Structure formats: structure tokens, C-alpha cells
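> The following block contains the structure, expressed as C-alpha cells.
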Amino acid sequence: MKKLILLCSFIFVWYGSLNVSANSGQEELEEAEVITLNGSKSVKVESERIDYEDDAADFYQLDVTNAGKVTIKLDEMPVDDFSDVDISIIDKNETVHADFVSLDPESNTNSIHAYLKKGTYFMRLNFGDIYPGDKYELTLSLDNDGLYEGEVNNSKSTANLIELNNIYQASLMADDLASEFVEYDDESFDRDFYRFEITKDGRVQLDSATMPDNQLEFSLWNTSGKNIWSGIRTKGANDGKMSAQFVEYLKKGTYILCIQHENVELDYEVPYRFKITHSPVAYSEINGANYSFGKGYEGTLLEENTNTDQDTYTLTTKEKLYITTKVKLKSTDSTKVSVKINGSSSGKVTVSNKWTEISKAYVVAAKDAYKIQLSKEIGYLNPVISYNVSSIAHPYWGKFYYAPTMLGKMKTKLTKTQFYCEKGGKIIKSGTPVNKNKEYKVIKKGKTFFTLSDNRLVKVKDVTFTAVPNEVKKKYQLLNQMK
């Protein structure tokens, strides 16, 4: 069902040598001459029309030994003008997989192709302007790397099963065969459906390429019918190279992907390639409701036209904590993202193809919900945004929160204990404490001086030092799931 009018050179490669054999077309499908297409050699078909009444059509049985691209090329047909000769590839139910009804005698591209699964098909030749006794010649070939789309797959129920990490080649058909397509919103056009399975929760990425200036649309469902997203649009790569179109985080299960063209009134064929890859992950957008400290969460904000794509991570604390959060963002093109952490917004952050980092710290009371929200503004053809979110929880030890840089705390022994600082390579005086009961956080210990959290120095002999208890250190590791 795929009329070949335009062809993307990065998709198709021809193999094999010519094997010529003479055949006579049979008038009944059940009696059709058998042609085996195994990809090693092309097959030449030579025959002639016998008469008008008894030779309405010729049938040839095509035994396709492996999934692949079957091409029928018209080598010779005695026509002087455009003809209504109809050459089709059909199956036993006479479903049309490829067809053309008009020949251009001045063209070298009178050919059709179909992406077929392994099985039995038929070539049907209906004659109009061909006279009895006129001969015709056709060449049939199979390109069988086994990774082609098999038509007809225009609905979820007929979705082709594909494997992860393989590159598949296919094309969207011109709409002059709309009667063969499944109706959708009162329109009939080609949509290709694929079914794939992932065995572990993980990161799923789709890479694709199509003809320059063509726009594909992708939709995804699970087998329960839940729509994960729909109408995600991507443009073709001008250099013909595949590029990542989106990333999604999915729980293990079976999913159905739909690929279609943004233009339902498509008057030319659009070849494309695609690949789905999967990487198991323990922490990601798929379990954002179970957000925990100490882990990096990856996700994507997808292009939406009518709704803002927002990802939310929430955690309810059991005790008072000091929480530091880091958000990293990167986009395939310049766009804006809103980041809100615990109710405080960073505004619209400009994101490009290099990582942009936002860091914030908050004190959160016990039983309060800690929430991180990332949202992408509504727009047209906005790029996909990748992000990484991580938060670290710091337990309190007295009035200080603990961080790995903290060694302990100290009190002055005397009210006139002197503070110092380093300036120009020299140690100079830098004030005295208000009273001897005030505590200071120590982050470094030397032979002569302690270094405090504000980088001031105090002599070891002038203070009472208390190291961070092991139970506080262990609580930090437990909160952040560290071994």
C-alpha cells in the first residue's frame, strides 16, 4: 500500500544479483505461479496478455521468506500514454499492501514497494490499455534484514511486535490509498502501530529520522488503553541521521507506539527509521510519588500544545530537616522552564543544549510536605527537556544541621578568646566572642587552629571541642540511603 514517489536515500540499500525466469500469469488467485523471494536474488517476470475477456488479471504468488521490503519494478510495458494498468501486492484476503494505477512512460520510477512480514502474498496485474499479445516485464526483489515494518498495521490490534535496540525502517503512505486505511476522526490516512515490551522499570528513548522538512507525530499507550502521551511532534533530520525525539520513564509491561505524519492529506510517501532503547533505572520519573533523599531522579518535559507538562516530586518529612536540592536542566533547543521548590519559584529559567543548574536550600518542619515542581510552558514545536533532580537531607544536632564537612562544635573557654582570619598569607585578629556559652560549627581541625563554618580561626587551646556523634553521622547516611 506504499506508492513510491519520493525516496530517502539514507533508508534503502539494494542487494543481490538478477535471476531471470519466465512466468505465465494465472487468472485465478488459487492457481497463481509461485515466486520465492528470499533476498539473495531478484526475480524477472515476463508474460503477455492473452485476450480481453479471459485475461482480466494475472496473479503471481509471492512467498516472502523473511520480513523485509518487497519491490516491484516495471521494466517494460507497451504503453504510449498514461495507463490505467493496476499492479498491486495483496494478501489472501485481497487486502492491498501496495498499489499503483497510473504509469508514466517517461519515468524510470514506475515501481511500488511494501514492507511485508514473512508469509504468502500475491501480485495482481489488472490490464486496461494493454492489448492482447503485448508483453510485459517486471522485476521483483526483497531486501530482508528482517527489521522492516509489516503492513497492514493501521490499528492497535494489528500493531507489529518489535524488539528493543533494533533499527526499523518503514514509510507512511500517500493518501490516494485512503480507502485502505482505518478511519480516524472522519479522516482516512496511514498510521503505523508498533508493540514492544520492557521487562524492568526503566528509561525508554525513541530515536528516529525521516525526510527533511517532514513532521512526524508519536503517541504511546499501555495495553490497558491508558494514553501516556499523544501528538508529540518531531521534525526530520536534515542530515538523515537519527536523533533522540523523546525520553519516557515506564514501568515494566507492554506498550503500543503510533507513528503518523502531521499532514493527513499526504500526497507522497514519507520513509522513516526509528529505534527504541531501554535502560533499567531504580529512580526516575516513574516513581516520583515515592521521592526519596540521596538519589538522582531523571525525567523529561515533553512538548504540549494545549496543556503544560508538569512533573511533581513530593516527600513528607518525619522530623525537622535542612534540605538542599539541585535541579539540572538541558534542552534540545532554547526554551523556558518553571522550577518551584517548596513553594518558592525560580521563575522561568532559560534552558539550552548545555546543562543549567539550580540549587536551593530550605529548613522543613516535621510532617510538612516537601515538593518540587518542574513545568514546561505551552508552545508549538517546543523541544524536549531532560532534567535531573536530587535532594540531600541534613539532620539536626542541637541547633546545627549536620553536613559531611562538619567535624563538630566548640565553645570558648574564656570570654576574651580571640578569633583570627587569614589575610595576605598572615594570621590576623578578627574579633572576640560575645559570651563563652555561644556554640560555633567546626569544619577543619589543625595543630594550632580550628576552622569555623564562617572560615574564621580559633586557637585549639582556647576552646572546648565536641565531635559529631556517630549516631548523627549514621542518621545522615540513613536519610540519604548511603551505605
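The values are calculated or read from the model by the stated rules, or taken from the named source; none is laboratory data. Quantities reported herein were computed from a predicted structural model and do not represent experimental measurements. In this analysis, Cβ positions are derived from the backbone assuming ideal geometry, glycine residues included, and neighbour counts consider all displayed protein chains. To get the accessible areas, we keep the full protein, side chains included, count just its heavy atoms, and leave off ligands, DNA and RNA. Shrake-Rupley method; radii C 1.70, N 1.55, O 1.52, S 1.80 Å.
> Counting just the residues of the range 331-356 that are open to solvent by 70 Å² or more (accessible area, probe 1.4 Å) and within 21 Å of the chain's Cα centre (by Cα), which one comes out nearest to HIS394 (Cα to Cα)?
TRP355
> Going by the conditions given, is PHE246 open to solvent by less than 20 Å² (accessible area, probe 1.4 Å), modelled with pLDDT of 85 or more and under 19 Å from THR332 (Cβ atoms)?
no
> Also, I was wondering about something else. Looking at SER359, is it among the small types (Gly, Ala, Ser) and modelled with pLDDT of 85 or more?
Taking the combined requirement at face value, the residue satisfies it.
Okay, residues lined up against (1) assigned to a loop (DSSP other than H, G, I, E, B); (2) at pLDDT below 85; (3) within 16 Å of LEU142 (Cβ to Cβ); (4) touching a strand residue (DSSP E or B) at 6+ places or on another chain (Cβ under 9 Å):
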{"residue": "VAL13", "(1), (2), (3), (4)": "yes, yes, yes, yes"}
{"residue": "ALA22", "(1), (2), (3), (4)": "yes, yes, no, yes"}
{"residue": "THR36", "(1), (2), (3), (4)": "no, no, yes, yes"}
{"residue": "SER42", "(1), (2), (3), (4)": "no, no, yes, yes"}
{"residue": "GLU46", "(1), (2), (3), (4)": "no, yes, no, yes"}
{"residue": "TYR52", "(1), (2), (3), (4)": "yes, yes, no, no"}
{"residue": "VAL70", "(1), (2), (3), (4)": "no, no, yes, yes"}
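> From (1) modelled with pLDDT under 80; (2) in a strand (DSSP E or B); (3) of a type outside the set (Lys, Arg); (4) within 20 Å of GLU151 (Cβ to Cβ), pick out the condition that doesn't hold for GLU94.
(2)
> Output the residue which, of all residues in the range 283-297 that are under 18 Å from LYS326 (Cβ atoms) and at pLDDT below 85, is surrounded by the fewest Cβ atoms within 10 Å (Cβ to Cβ). Outline the logic, then answer.
Going through the range 283-297, the residues under 18 Å from LYS326 (Cβ atoms) turn out to be 283-285, 288, 291-297.
Filter again for at pLDDT below 85, leaving 283-285, 288.
On the way: TYR283: 20, SER284: 24, GLU285: 22, GLY288: 18.
Going through the qualifying residues, I end up with GLY288.
> Taking ILE372 and the conditions (1) among the aliphatic types (A, V, I, L, M); (2) under 30 Å from GLY398 (Cα atoms); (3) at pLDDT below 90, which numbered condition does it fall short on, given that it satisfies the others?
(3)
> Looking only at residues in the range 260-282 that are open to solvent by 10 Å² or more (accessible area, probe 1.4 Å) and part of a strand (DSSP E or B), which one is farthest from LYS295 (Cα to Cα)?
Filtering first and then ranking leaves HIS261.
> Tally the residues that are open to solvent by less than 70 Å² (accessible area, probe 1.4 Å) and either of a type in the set (A, V, I, L, M, F, W, C) or on the phi < 0 side of the Ramachandran plot (or both), restricting the search to the range 409-442.
Total meeting the criteria: 16.
> If the Cβ limit is 8 Å and pairs must be 6+ apart or interchain, which residue in the range 404-430 that is in contact (Cβ under 8 Å) with a residue 60 or more places away in the chain pairs with which residue that is aromatic (Phe, Trp, Tyr)?
PRO404/TYR476; MET406/PHE400; GLY408/PHE465
> Looking at LYS326, is it of a type in the set (Lys, Arg), open to solvent by 70 Å² or more (accessible area, probe 1.4 Å) and either modelled with pLDDT under 95 or more than 30 Å from GLY398 (Cβ to Cβ) (or both)? Before the answer, list the steps.
Numbers: of a type in the set (Lys, Arg): yes; open to solvent by 70 Å² or more (accessible area, probe 1.4 Å): yes; either modelled with pLDDT under 95 or more than 30 Å from GLY398 (Cβ to Cβ) (or both): no.
It is false that LYS326 is of a type in the set (Lys, Arg), open to solvent by 70 Å² or more (accessible area, probe 1.4 Å) and either modelled with pLDDT under 95 or more than 30 Å from GLY398 (Cβ to Cβ) (or both).
> Here's another thing I want to ask about it. Look through LEU116, LEU147 and report the one residue that is within 19 Å of ARG195 (Cα to Cα), hydrophobic (A, V, I, L, M, F, W, C), out of contact with any Ser or Thr (no Cβ under 7 Å at 6 or more places or on another chain) and modelled with pLDDT under 80. Steps first, please.
Values: LEU116 fails: modelled with pLDDT under 80.
Going through LEU116, LEU147 in turn, the sole match is LEU147.
> Another one. Can you pull out every residue in the range 155-172 that is open to solvent by less than 20 Å² (accessible area, probe 1.4 Å), of a type in the set (S, T, N, Q) and either in contact with a Gly (Cβ under 9 Å, 6 or more places away or on another chain) or more than 18 Å from ILE112 (Cβ to Cβ) (or both)?
Selection gives ASN160 alone.
> Related question: Of the conditions (1) over 30 Å from TYR249 (Cβ atoms); (2) open to solvent by 30 Å² or more (accessible area, probe 1.4 Å), PRO404 fails just one. Which one is it?
(1)
> Give the number of residues within the range 391-429 that are among the polar types (S, T, N, Q), within 54 Å of the chain's Cα centre (by Cα) and either at pLDDT below 95 or over 28 Å from VAL468 (Cβ atoms) (or both).
1
> Would a scan of the range 458-467 turn up a residue that is loosely packed, with under 13 Cβ neighbours inside 10 Å and in a loop (DSSP other than H, G, I, E, B)?
no
> Using beta carbons and a limit of 6 Å, which pairs, at least six apart or on different chains, have the first residue in the range 383-403 and under 30 Å from GLN205 (Cα atoms) and the second one open to solvent by 20 Å² or more (accessible area, probe 1.4 Å) and acidic (Asp, Glu)?
Within 6 Å, the pairs are PRO383/ASP333; ASN388/GLU298.
> Moving to a separate point now. Return the residue satisfying two criteria in turn: it lies in the range 193-217 and is at pLDDT below 90, closer than 19 Å to GLU269 by Cα and not polar (S, T, N, Q), and of such residues it is surrounded by the most Cβ atoms within 10 Å (Cβ to Cβ).
ALA209
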